[in-house]
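Okay, structure first, notes after.
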Amino acid sequence: MSDDNKSYQPANIEQNWYKIWEERGYFAPSGQGDSYSIMIPPPNVTGSLHMGHGFNNAVMDAYIRYKRMSGCNTLWQAGTDHAGIATQMVVERQLAATGVSRHDLGREKFLEKVWDWKEQSGGTITQQIRRLGSSVDWTRERFTMDEGLSKAVQEVFVRLHEDGLIYRGKRLVNWDPKLHTAISDLEVLNEEETGSMWYFNYPLTDGSGHLTVATTRPETMLGDTAVAVDATDERYQALIGKTITLPITGRIIPIVADEYVDKEFGTGCVKITPAHDFNDYEVGKRQNLPVINIFDRDAIVLNNFNLLENGTFKFLSTEPCPVDYAGLERFAARKQLIAQAEAEGWLVKVEPHTLKVPRGDRSGVVIEPWLTDQWYVSTKPLAEEAVRVVEEGHIQFVPKQYENMYFSWMRDIQDWCISRQLWWGHRIPAWYTEDGQVFVGRDEAEVRAKNNIASDVVLRQDDDVLDTWFSSALWTFSTLGWPENTPELKTFHSTDLLVTGFDIIFFWVARMIMMTTHFIKNEDGTPQVPFKTVYVHGLVRDGEGQKMSKSKGNVLDPIDLIDGIDLDSLVAKRTTGLMNPKDAKKIEKATRKEFPEGLNAYGTDALRYTFYSLASTGRDINFDTGRIEGFRNFCNKLWNAANYVLMNCEGQDCAQNGDDNYTLNLADRWIISRLQQVEKAMAEGFASYRLDIASQVLYDFIWNEYCSWYIELAKPALKNGDTNAQRGTRRTLIRVLEAILRMAHPLMPFITEEIWQKMKDLAGTQGDSIMLMPYPIADDSKIDPQALADFEWMQAVIDGLRNIRGEMNLNPGKKVPAIFTAGSEQDKIRVAANTVFLSTLASLESAVWQDDATQIPASATTLVGKLEVHVPMADIIDKDAELARLDKEITKLKMETQKLESKLSNAAFVDKAPADVVQKEKDRLIDFAEQVEKLSKQKEKIAGL
RNA sequence: GGGCGGUUAGCUCAGUUGGUAGAGCAACGCCCUUACAAGGCGUGGGUCACAGGUUCGACUCCUGUACCGCCCACCA
């Protein structure tokens, strides 16, 4: 390494390596080994990267790289999603800015615009994913609306229809009056809002009185077709069967008894509007009430109301809308109606009321239950199988608790409304004759052929498109070439791992399982699952646990964390394009306070490592920028450690030629042993989906063991050892570092590749890229228990000496003598064997053994078991500091002693606890007592000076 | 209303079958010791939300409470 890039600069290495990897085709399946596949959750093709993608990709890439290095034939399938509503909305907004609506343009022209937009912005997200280091196979990139996938969508639709699992029907749906489309239940968000409850008097037709109904939606009274009461309600029993004359419309409607009514709630009388309320719709069915739709697709009151027969929706009669209401938007109608009721005296009262308001997740407007024709998937039969495969463990959720969420949803799943009144998406493969007959088929020709429809009969294709999630549900198999029986499908399906947020378990995971088990079968006919494991993660939030959102102004862009961003740019980014521009000031202030220097360029590796460290299962991830800085420092640490190793090994004999002309010292044998243990822990971390643990183990090993202990001990070893010992240490420095790099590569791909390339020759390994090298596997035979024990002893001695130095405020440069006494024979041997190591790490000028403990001069003292370690006071001077230090030590020991004594004097403990536990405590007590005695004597001695 | 998760150091989080509470960051003290000041060495800091119970022993198991968050259903 040259001086000019001495410190770690991620920008200098990251994009460079990615380009090389991609160009050389390293991301593609090797064609050898067991298959291992992951499907990327397809991001919106026109979208841009957010922290969720960052986390997601970090996890997937760790597994793909780990498995690739472990010899698997890995496929990480790339692709993007057309994201129907979201994308269409963006393009419509752009058009609106020029004063044009999509209807002005017409379907063809509008779709051209959307495709243009896709071409223009479609590369953003995939370029950003590259910045994350994700080793996805871009050569196989798919788009949900490309030809092959569209064909799969069509095929699934047709087959489900043939199986009787897709049907078309008129029903109440969740209608978005802004987007002019139906949406599924899942796309409706029910948020609590404060509103009012209005009480209205409805007069009995016979003039004998009135009923009072309560409602949160007064305007729907224009479509009331009954008032319902509880059959057992004594207040109203006599009125059942009588009629009401509805104010304003004058419509005469019955009073019915229905189980839906809770007589304890409100007035016990419920107005029934079958066309605009899901519950009322059910009541209407039971009571055979006519259905009156009062709104158009904009939720504006119609000029004429049609009464439809219940169930059949046959036209019964028409009623003109009361003239003052026709053409009013729903909330204007509400306002006017309330005013009229008040004026006419049938408004009884208004009470404040909190209620759940349904809003479209995209548009944010209040959803209107609305009667339309839509296509549905009959989900119950599909759900049964989908539940079974999870129950039987063919799919495992990590963490497991999400299975319950999945089961409970699947158990009372509702039919899935799949048609959308949009233009951007897969057009529904159904054709209509002019007289309204409907035919489903792969194309118009097939429909004609199959149904003997003459060529002069006009067929018109359904205008609607399918819910985006319909194509997403096929993702694991459509991307592999289904419905063709491709080799890829055979090799890579079922996929191994799905990494996704809990928020789309219903939208996506459940539907993938339903579709896959229905369409993809093993050779023996049993259903295949889309994936074997679902790794479910939480939301990535800001450091305070707040959801990241534009309006809160707390969004962090992964790219900014990688490349850095100055404060002004960050502020500008956070404050432009706000829904509510008034928030800008507040956001600016908070941003300037939180990041006074802007964001540093931390690099991809540090960003990824931060995600791993926070990836404990099942909870949301609070992204703390303090941590990313720590991991950037960690990268720098590794960088510099490599720098040291290279400096000391390049051009030197590192004993890599196969001769055994080298010897290994204690530190060498220790670090090799520890390496095996860490390799094992890494394997366990991956296997248990605990990347937080794996990353922590690795961090600790690299920083605290390899750098702080091993390299520090390599220094004296290289200086003082004989030639064979030097060779042994160089060999170990190199080989352990090389293993560390491979071990860390799935987590921090760039820095490991950069360093590995520089040292691979020294390590005697061959290969073009670290990402194609084998992942390290623990070898228990390389663990040397004696070395581990000896080293642990040495660490304790050095810690003791460092404690004395630290507490005495000794200058690190100041060397002191150390005298050892009173220990075991083994202690004596260990001291003699490790004089150099002890001297170096504890800054000793000498380390001598004294058999006669009485010959020790007045000293600062620390104990390692029975071994006494003394630093003569003459070299320390500070008597009071040593007294204080001893005091602290003694107090600590006494407290422990006291605890142990009371424990051991408890007969119940001694009787009932396992013998080995009791013995252990007894040993500790004796040990502590001895130490207290020794230190107390020492204290007296010092005090007497 | 039903269900799930969380509550551990100032902050963000670990804590494996119950047996001496850990990390990073922040804080404090001493150091520019030639891999690294994006660093080194040392130090301080926790009634493990609360109350009961089981147990010789509970951060850990059970019951309940409080607070925070989420999911589902929903009373007009």
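At 222 nm, what value in deg cm²/dmol follows for chain A if DSSP H runs of at least 4 each add -39500 (n - 2.57) and the sum is divided by all its residues, to the nearest 500? Could you put the intermediate results ahead of the total?
Working: 31 runs with 408 residues, N = 945.
Here the helix-only value at 222 nm equals -13500 deg cm²/dmol.
List the lysines whose Cα lies under 17 Å from the Cα of A:Lys263, skipping any in the same chain that are fewer than 8 positions away.
Filter leaves A:Lys271.
Please list, in order along region A:266-282, the HN-Hα scalar couplings obtained from phi with the Karplus expression 6.51 cos²θ - 1.76 cosθ + 1.60 (θ = phi - 60°), rounded to whole Hz, x for Gly and Pro.
With the stated coefficients, region A:266-282 comes to x, 9, x, 10, 10, 6, 10, 10, x, 7, 9, 7, 5, 5, 5, 4, 5 Hz.
If I stretch the segment between A:Lys450 and A:Glu119 completely, what's the gain in nm (0.36 nm per residue apart, minus their alpha carbon distance), one decimal? Before the final figure, lay out the partial values.
Details: separation 331, 0.36 × 331 = 119.16 nm, distance 3.74 nm.
Extra length available between A:Lys450 and A:Glu119 comes to 115.4 nm.
What span do the alpha-carbon atoms of region A:492-542 cover on each of the three principal axes, reported in whole Å from largest to smallest?
For region A:492-542, the Cα extents along the three principal axes come out at 49, 18, 11 Å.
Points 7 angstrom from Cα along the Cβ direction at A:Lys547 and A:Val918: gap in nanometres?
About 5.8 nm separates the two model spin labels.
If you count only protein heavy atoms and use a 1.4 Å probe, how large is the accessible surface of A:Ile300, to the nearest 10 Å²?
About 50 Å², rounded to the nearest 10.
Kindly give the semi-axes, whole Å and largest first, of the ellipsoid equivalent to region A:496-586, taking each as the square root of 5 times a Cα gyration tensor eigenvalue.
42, 14, 11
Apply the Karplus curve 6.51 cos²θ - 1.76 cosθ + 1.60, θ = phi - 60°, to the phi angles in region A:428-434 and return the couplings in whole Hz, x for Gly and Pro.
Ordered by residue, 3J(HN,Hα) equals 5, x, 9, 10, 10, 7, 5 Hz.
Going Cα to Cα from A:Lys760, which aspartates and glutamates come in below 13 Å? Please leave out same-chain ones fewer than 8 positions away.
Partners within reach: A:Glu650, A:Glu738, A:Asp768.
Just to confirm, what accessible area per residue do you get for region A:273-359 at 1.4 Å probe, in whole Å²?
About 52 Å² of surface per residue is accessible.
How would A:Arg131, A:Arg669, A:Arg286, A:Arg574 line up by accessible area, probe 1.4 Å, largest first?
In descending accessible area the options line up as A:Arg286, A:Arg669, A:Arg131, A:Arg574.
Summarise the long-distance tail of P(r) for region A:576-693 by giving the % of C-alpha pairs beyond 18 Å.
More than 18 Å apart: 74 percent of the Cα pairs in region A:576-693.
When the solvent-accessible surface of protein heavy atoms is calculated with a 1.4 angstrom probe, in what order do A:Arg168, A:Arg805, A:Arg235, A:Arg420 fall, highest first?
Solvent-accessible surface, decreasing: A:Arg235, A:Arg168, A:Arg805, A:Arg420.
If amide hydrogens are placed 1.01 Å from N in the peptide plane, which non-local residues have theirs closer than 5 Å to the one on A:Asn310?
When sequence neighbours closer than 5 places are left aside, the close amide H contacts are A:Val291.
For chain A, find the longest principal axis of its Cα atoms and tell me its angle to the long axis of helix A:510-519, 0 to 90°, nearest 10.
80
Work out the length of the dipole vector of chain A about its Cα centre, built from +1 on the beta-carbon of each Lys and Arg and -1 on the beta-carbon of each Asp and Glu, and round it to the nearest 20 debye.
1280
Could you report the accessible area of A:Ile587 in Å², rounded to 10, computed with a 1.4 Å probe on the protein chains as they sit in the structure?
Answer for A:Ile587: close to 10 Å² accessible.
Considering only protein heavy atoms and a probe of 1.4 Å, how much of the accessible area of chain A is carbon and sulfur, as a whole percent?
Result for chain A: 48 percent of the exposed heavy-atom area is carbon or sulfur.
If you average over every viewing direction, what projected area does the convex hull of the Cα atoms of region A:684-825 give, in nm²?
Mean orientational projected area (region A:684-825, Cα hull): 12.3 nm².
Check the straight Cα-Cα distances from A:Lys109 and name the lysines below 22 Å, setting aside those fewer than 8 residues away within the same chain.
A:Lys118, A:Lys178
Would you kindly derive the ³J(HN,Hα) couplings of region A:907-917 from the backbone phi angles with the Karplus curve 6.51 cos²θ - 1.76 cosθ + 1.60 (θ = phi - 60°), listing them in order in whole Hz, with x for Gly and Pro?
So the J values, rounded to whole Hz, are 4, 4, 5, 4, 6, 9, 6, x, 4, 5, 5.
Any idea what angle helix A:584-594 forms with the longest principal axis of chain A, computed on alpha-carbon atoms, 0 to 90 degrees, nearest 10?
Relative to chain A, helix A:584-594 is tipped by roughly 20 degrees.
Restricting attention to region A:360-420, which GluC sites (Glu not before Pro) occupy a DSSP loop and are surrounded by at most 14 other Cβ atoms within 10 Å? List each step's numbers first, then the result.
On the way: sites: A:Glu384, A:Glu385, A:Glu391, A:Glu392, A:Glu403; in loops: A:Glu392.
Answer in residue order: A:Glu392.
So, taking all protein chains as they sit and a 1.4 Å probe, how much accessible area belongs to A:Asp851, in Å² rounded to tens?
110
Region A:197-319: D in µm²/s via Stokes-Einstein (Kirkwood Rh, Cα pairs, 25 °C, 0.890 mPa s)?
In µm²/s, the coefficient rounds to 170.
Provide, for q = 0.27 Å⁻¹, the log10 of I(q)/I(0) from a solvent-free Debye sum over equal Cα point scatterers in region A:715-765.
After summing over all Cα pairs, the log10 values are -0.93.
So what is the diffusion coefficient of region A:686-728 in µm² per second by Stokes-Einstein at 4 °C and 1.567 mPa s, using a Kirkwood Rh over Cα pairs?
Reported coefficient: 107 µm²/s.
Can you tell me the equivalent ellipsoid semi-axes for region A:102-199? Use √(5λ) from the Cα gyration tensor, largest first, whole Å.
34, 24, 19
Rank these by accessible area, largest first, 1.4 Å probe: A:Lys758, A:Lys586. If you can, show how the numbers build up before the last one.
Working: A:Lys758 65, A:Lys586 145 Å².
Largest accessible area first, the residues go A:Lys586, A:Lys758.
Per the Kirkwood definition applied to all pairs of different Cα atoms, how many angstroms is the hydrodynamic radius of region A:630-697?
Mean inverse Cα-Cα distance, inverted, gives 14.7 Å.
Treating the Cα atoms of chain A as identical point scatterers in vacuum, please give the log10 of the normalised Debye intensity I(q)/I(0) at q = 0.06, 0.07, 0.11 Å⁻¹, two decimals.
Reported log10 I(q)/I(0), two decimals: -0.63, -0.79, -1.36.
Tell me the per residue accessible area of region A:707-853 using a 1.4 Å probe; a whole number in Å² is fine. Write out the running numbers ahead of the final one.
On the way: 5870 Å² over 147 residues.
Accessible area per residue, region A:707-853: 40 Å².
Using a Förster radius of 45 Å, what is the FRET efficiency between A:Val438 and A:Lys263 based on their Cβ-Cβ separation? Nearest 0.05, please.
In this case the efficiency is close to 0.50.
Could you calculate the contour length gain from A:Met197 to A:Asn720, that is, 0.36 nm times the residue separation minus the distance between their Cα atoms, to one decimal place in nm?
Length gained, A:Met197 through A:Asn720: 179.4 nm.
Relative to the longest principal Cα axis of chain A, at what angle does helix A:330-344 sit, 0 to 90 degrees, rounded to 10?
With rounding to tens, the tilt is 60 degrees.
Spin-label point model (7 Å from Cα, Cβ direction): what's the A:Gln15 to A:Asp566 distance in nm?
Label-label distance for A:Gln15 and A:Asp566, simple model: 1.9 nm.
The values are calculated or read from the model by the stated rules, or taken from the named source; none is laboratory data. All values reported here derive from a predicted model rather than from experimental measurement. Glycine also receives a Cβ, built like all others from the backbone with ideal geometry; neighbour counts cover every protein chain displayed. For the accessible areas, the whole protein counts, side chains as well, though only heavy atoms, and no ligand, DNA or RNA atoms are used. Shrake-Rupley method; radii C 1.70, N 1.55, O 1.52, S 1.80 Å.
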